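Colleague: Quick one: the structure is below, questions incoming.
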Amino acid sequence: MKSKEAVIIGGGVIGCAIAYELAKRGMSDITVVEQSYLASGATGRCGAGVRQQWGLESNILLSKYSCQALEQMNEALDYDDDIEFKQGGYLLLAYGDQQWEQFLKNVELQHKHGVMSEIKTPEQAKEIVPHLNITGLKGATFHQKDGHANPFKVTDAYYQAAKRLGVEFLTFTEVKDIVISAGKVTKVVTTKGDIATKRVINAAGGWSNIVANMVGIDLPIHSERHQILVTEPVKPMQGPMVMSFHHSIYCQQTPHGSFIMGLGDPVNEPRGLNIDNTWQFMQEMSEIITNLLPPLRNLRVVRQWAGLYNVTPDAAPILGSVPGVEGFYLAVGFSGHGFMIAPMTAQLMAEHILGIETTLPISIYDLERYKRGELIREPNVV
Amino acid sequence: MRIKKHPILTWDKGKKVKFFFEDKELEGYQTETIAAALHASGIKEMRESEEMHRPRGLFCAIGNCSSCLMIVNGEPNVRVCVTKLQEGMRVQRQLGKGELQR
């Protein structure tokens with residue numbers, strides 16, 4: 001039986017980034033186990049947006065540092081391709097007084113942490129996105145440094161860099177069980193053999209609770225289907241991601257020219273691992289987006305698909321150790337915004353696992369916060 | 001080039017229509033696709049590939065492959081292999097990505 005310093009379960013952006021950050025800090029003998037191909041889960045299915053306009057200090061800081069990492073990533077990871085980071089901004093739309101007041105508070109908080117978002121009138125919003133329908137719009141906020149990165153390329157960049165540092169990647173390999181002895185992790189049982197290890201990192205995204213159940217923990221978490229579609233490519237015409245919490249949608253043009261858009265619909269989306277896609281989504285998405293961004297009615301849809309949000313009660317991730325199971329770590333429950341905070345999250349996880357002081361406080365993300373009632377509820381999510 | 005006599009099939013080509021390819025006025029039949037009318041007039045380059053700027057023409061001819069996307073009456077990304085010809089149509093080669101009509 002082979003023996004490893006750490007086994008990371010999940011080959012999405014979180015798993016690959018943690019592997020790299022651990023290896024970079026000197027850990028050797030790391031294995032990443034992925035049930036399918038890398039980025040096959042939520043990472044490769046996500047909306048690819050990167051924003052720093054949040055309503056909580058914790059999220060603002062996580063995303064700010066992650067954005068800085070993305071700006072440098074091609075060089076920092078010595079990536080011979082390009083992660084396609086486009087900083088066209090995020091335009092967040094506010095409808096109604098209550099939402100507007102929340103936005104103004106958010107901007108104040110963002111400014112305090114050096115995220116220099118701007119407040120815009122509906123007319124100014126239309127200058128940024130000329131094809132925006134501003135009927136009923138109260139106002140908007142805009143931050144130029146937000147944007148888009150290619151989730152496959154970012155994952156690949158981490159994978160390549162981690163591999164150069166000696167990390168082993170086992171794709172198409174399923175974890176069947178995790179063996180615990182005297183309250184400590186000792187072994188991971190996979191479809192390609194057993195691996196003896198003292199550390200297991202759960203980065204399984206939509207499957208995180210299945211993995212947690214293997215060590216006898218039930219996480220306050222559920223997986224939920226979210227759908228998304230992409231259109232044919234056209235010449236660049238929309239700089240920023242347009243996002244409306246009122247309509248519960250987001251839509252942006254990728255550097256390739258296609259438009260990617262998605263819809264949050266927790267009432268009608270099934271919980272569990274179902275990632276079929278539906279005509280109801282196509283209809284609802286088209287109705288909303290052609291009203292909000294009318295010229296898009298002339299675009300053909302090329303593809304639609306679904307992925308899993310791994311949702312926690314406060315829509316914030318669960319990071320860190322688990323009391324009672326030594327050597328078991330969680331990086332789960334990203335609630336639909338894991339990709340954009342992956343670089344900083346992975347750094348914090350690596351620091352925490354190695355017992356180094358973390359760059360940002362990680363304890364607010366621990367599992368026990370739900371028992372303590374210290375939820376970190378983010379007002380700004382789709 | 002058009003098949004005029006066929007040992008088994010016969011077909012009614014319908015009315016002749018005039019259309020424009022870039023600045024040239026051409027003729028085709030209303031029952032045929034834009035691609036067929038262009039081919040009959042000897043025009044086989046329909047667009048340019050986006051990155052390498054290579055000529056692209058008919059490939060699948062059933063509306064699946066995106067090889068024959070052209071600009072028709074200002075609308076980009078029209079699959080001319082499955083779009084019927086109409087009187088007065090303005091057809092242009094698509095160079096790179098099309099511009100979405102506002």
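Colleague: Local charge sum around A:Leu308 (other residues, Cβ-Cβ under 11 Å, Lys/Arg +1, Asp/Glu -1)?
Modeller: It works out to a net charge of +1.
Colleague: Would you mind classifying segment A:191-295 by shape? Square roots of the alpha carbon gyration tensor eigenvalues, ordered a ≥ b ≥ c; an a/c under 1.5 is rounded, otherwise it is prolate if a/b is larger than b/c and oblate if not.
Modeller: Verdict is prolate for segment A:191-295.
Colleague: What is the sum of charges around A:Gly88, taking Lys and Arg as +1, Asp and Glu as -1, for the other residues whose C-beta is under 13 Å from the C-beta of A:Gly88?
Modeller: Result for the neighbourhood of A:Gly88: +1.
Colleague: Same structure, new question: Write down the percent of antiparallel bridges among all DSSP beta bridges whose residues are both part of chain A, to the nearest 5.
Modeller: Antiparallel bridges: around 70 percent, rounded to the nearest 5.
Colleague: Post the alpha-carbon centroid distance, segment A:112-144 to segment A:301-341, in whole angstrom.
Modeller: What the calculation gives is 29 Å, centre to centre.
Colleague: Give the interface area between chains B and A as buried accessible surface, both sides summed, probe 1.4 Å, in Å² to the nearest 100.
Modeller: Values: alone 7180 and 15570 Å², together 21610 Å².
The B and A chains share an interface burying roughly 1100 Å².
Colleague: Which cross-chain or sequence-distant (5 or more) residues have an amide H under 5 Å from the amide H of B:Cys60, H modelled 1.01 Å from N in plane?
Modeller: B:Cys65, B:Ser67
Colleague: Residues of segment A:189-234 losing 30 Å² or more of accessible surface, assembly versus chain alone, probe 1.4 Å, please list them.
Modeller: Going by heavy-atom accessible area, the residues of segment A:189-234 that drop by at least 30 Å² are A:Pro233, A:Val234.
Colleague: Once you order the gyration tensor axes a ≥ b ≥ c over the Cα atoms, which shape class does segment B:16-95 get: rounded for a/c under 1.5, otherwise prolate or oblate by comparing a/b with b/c?
Modeller: Here segment B:16-95 falls in the prolate category.
Colleague: Taking springs between alpha-carbon atoms closer than 10 angstrom, which of A:Leu137, A:Leu263, A:Leu22 fluctuates most in the Gaussian network model of chain A?
Modeller: Highest fluctuation of the listed residues: A:Leu137.
Colleague: OK, next. Just to be sure I understand the interface: list residues from segment B:58-102 that lose 40 Å² or more of accessible area between the chain on its own and the complete protein assembly, 1.4 Å probe.
Modeller: With the partner chains in place, segment B:58-102 has these residues losing at least 40 Å²: B:Asn77, B:Lys97, B:Leu100, B:Arg102.
Colleague: Still on this model: Just subtract the alpha-carbon distance of A:Met116 and A:Gln280 from 0.36 nm times their residue separation and send over the number in nm, one decimal.
Modeller: Full-extension gain reported as 55.2 nm.
Colleague: Which FRET efficiency, nearest 0.05, do A:Lys235 and B:Lys44 yield, Cβ-Cβ r, R0 22 Å?
Modeller: Computed FRET efficiency for A:Lys235 and B:Lys44: 0.30.
Colleague: For the protein assembly as shown, what's the radius of gyration and Dmax over Cα atoms, in angstrom?
Modeller: Gyration radius and largest Cα-Cα distance of the protein assembly as shown: 26.2, 87 Å.
Colleague: At 1.4 Å probe size, with the rest of the protein present, what percent of the exposed accessible area of segment B:16-95 is carbon and sulfur atoms?
Modeller: 45 percent
Colleague: Another one. Around A:His113, with a cut-off of 9 angstrom between Cβ atoms, what is the net charge of the other residues, counting Lys and Arg +1 and Asp and Glu -1?
Modeller: With Lys, Arg at +1 and Asp, Glu at -1, the net is +1.
Colleague: Ignoring any ligand, DNA or RNA, what whole percent of the accessible area of segment A:38-85 comes from carbon and sulfur when the probe is 1.4 angstrom?
Modeller: Reported share for carbon and sulfur atoms: 38 percent.
Colleague: Whole angstrom only: what separates the Cα centroid of segment A:189-230 from the Cα centroid of segment A:261-296?
Modeller: Value for the Cα centre distance between the two parts: 27 Å.
Colleague: Enter the Cα centre distance for the pair segment B:27-102 and segment A:1-27, rounded to the nearest angstrom.
Modeller: Centre-to-centre distance over Cα atoms comes out at 50 Å.
Colleague: Follow-up question, since we're still on this one. How big is the charge dipole of segment B:16-95 about its Cα centre, in debye rounded to the nearest 20, if each Lys and Arg gets +1 on its Cβ and each Asp and Glu gets -1 on its Cβ?
Modeller: I would put it at about 160 debye.
Colleague: Connecting C-alpha atoms closer than 10 Å in a GNM of chain B, tell me which of B:Gly14, B:Gly88, B:Gly63 has the biggest fluctuation.
Modeller: Taking springs between Cα atoms under 10 Å, the residue moving most is B:Gly14.
Colleague: So what's the Cα pair-distance distribution over segment A:31-149, bin width 5 Å, in %?
Modeller: Histogramming segment A:31-149 at 5 Å steps yields 2, 10, 17, 18, 18, 14, 9, 6, 4, 1, 0 percent.
Colleague: Just from its helices, what would the mean residue ellipticity at 222 nm be for chain A, if runs of 4 or more DSSP H residues each count -39500 (n - 2.57) and the sum is divided by every residue, rounded to the nearest 500 deg cm²/dmol?
Modeller: -9000 deg cm²/dmol
Colleague: With every protein chain kept in place and ligands, DNA and RNA left out, what is the accessible area per residue of segment B:16-95? Probe 1.4 Å, answer in Å².
Modeller: 55 Å²
Colleague: Another question about this same structure. How large, in percent, is the carbon and sulfur part of the accessible surface of segment A:174-276 at a probe radius of 1.4 Å?
Modeller: 53 percent
Colleague: Still on this structure, I have one more. Rg/Rh for segment A:101-158 to two decimals, with Rh computed the Kirkwood way over all alpha-carbon pairs.
Modeller: Radius of gyration over Kirkwood radius for segment A:101-158 works out to 1.11.
Colleague: Solvent-accessible area per residue for segment A:197-275 at a 1.4 Å probe radius, Å²?
Modeller: Per-residue value: 34 Å².
Colleague: Between A:Leu104 and B:Gln86, with labels modelled 7 Å along Cα→Cβ, what's the label distance in nm to one decimal, could you check?
Modeller: 5.0 nm
The values are calculated or read from the model by the stated rules, or taken from the named source; none is laboratory data. All values derive from a computational prediction rather than experimental measurement. For neighbour counting, all protein chains shown are included, and Cβ atoms are generated from backbone atoms with ideal geometry for every residue, glycine included. What goes into the accessible areas is simple: the full protein's heavy atoms, side chains included, and nothing from ligands, DNA or RNA. Shrake-Rupley method; radii C 1.70, N 1.55, O 1.52, S 1.80 Å.
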